[in-house]
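Structure first, then comments.
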Amino acid sequence: MNNDNFDNILGECGITRSKGYHYYFKNYIFRDIDLANKSILDVGGGNGIASFFATFQDDTCRSLVVDPIDDGSNDLMLIQYKKMRQLFATKVDFFQGYTSDLSVNEKFDIILLHNSINHVGEDIVSQLSINEKVRSEYKERLHSILQFSK
């Protein structure tokens with residue numbers, strides 16, 4: 001598939017303003033990252049668009065999208081995920097919940113946090129620069145996610 005195909009398929013899945021995602025993910029999010037035979041934990045991945053791009057780039061890549069489809073999200077995300085899974089790949093799985101609900105035995109090569117502030121610390125991020133206790137809490141939250149790295 002070429003670049004236009006990725007963006008066009010996104011449009012078919014109900015992604016508004018679907019043009020330019022291929023360029024964005026290739027040149028910014030996954031730039032210089034070898035995706036061959038890699039596993040990705042996509043924290044707060046919503047509809048999984050970044051994960052689908054990764055498997056589009058290299059079909060040996062697999063991903064687990066973790067999202068509670070809760071605050072900051074909506075049911076449309078899950079509908080879009082299901083449409084993309086049908087059209088793109090079956091190597092992108094979805095877990096509706098939080099990373100704290102996953103088995104700590106599962107490990108991933110890449111941990112992706114893309115537009116996922118509400119999954120780490122939206123409730124405390126405004127205090128990071130002025131409150132040491134909040135910084136410590138934020139680090140603990142990040143550490144709980146990083147426990148899934150290989």
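The values are calculated or read from the model by the stated rules, or taken from the named source; none is laboratory data. The structure displayed is predicted, hence computed values, not measured ones. Cβ placement follows ideal geometry from the backbone for every residue including glycine, while neighbour counts extend to all protein chains displayed. Side chains are part of the model used for accessible areas, which takes the heavy atoms of the whole protein and leaves out ligands, DNA and RNA. Shrake-Rupley method; radii C 1.70, N 1.55, O 1.52, S 1.80 Å.
Remark: pairs (first residue in the stretch 84-112, within 20 Å of ASP34 (Cα to Cα); second residue basic (Lys, Arg) and in a loop (DSSP other than H, G, I, E, B); Cβ separation under 9 Å; 6+ apart in sequence or on different chains) = LYS107/LYS150; PHE108/LYS38; PHE108/LYS150; ASP109/LYS38; ASP109/LYS150; ILE110/LYS38. Of all residue pairs spaced 6 or more apart or on separate chains, those with beta-carbon atoms under 9 Å, a first member in the stretch 26-37 that is free of Cβ contacts under 8 Å to residues at least 40 places away in the same chain and a second member that is among the aromatic types (Phe, Trp, Tyr) and part of a helix (DSSP H, G or I) are LYS26/PHE53; PHE30/PHE53; ARG31/PHE25. Which one is modelled with the lowest pLDDT, of the residues in the stretch 66-95 that are open to solvent by less than 40 Å² (accessible area, probe 1.4 Å) and among the β-branched types (Val, Ile, Thr)? The extreme case among them is ILE69. For the stretch 2-23, the criterion of being under 15 Å from the mean Cα position of the chain (by Cα) and among the hydrophobic types (A, V, I, L, M, F, W, C) is satisfied by no residue at all.
Of the helices (runs of 4 or more DSSP H) lying entirely inside the stretch 44-150, the ones with 3 or more residues being more than 25 Å from ARG31 (Cβ to Cβ) are found at 75-87, 132-146. In summary, ASP109 fulfils each of the numbered conditions (1) over 22 Å from ILE9 (Cβ atoms); (2) buried (at least 19 other Cβ atoms within 10 Å of the Cβ); (3) among the charged types (D, E, K, R) with the single exception of condition (2). In the stretch 36-65, of all residues being closer than 19 Å to LEU142 by Cβ and small (Gly, Ala, Ser), the one that is surrounded by the most Cβ atoms within 10 Å (Cβ to Cβ) corresponds to GLY45.
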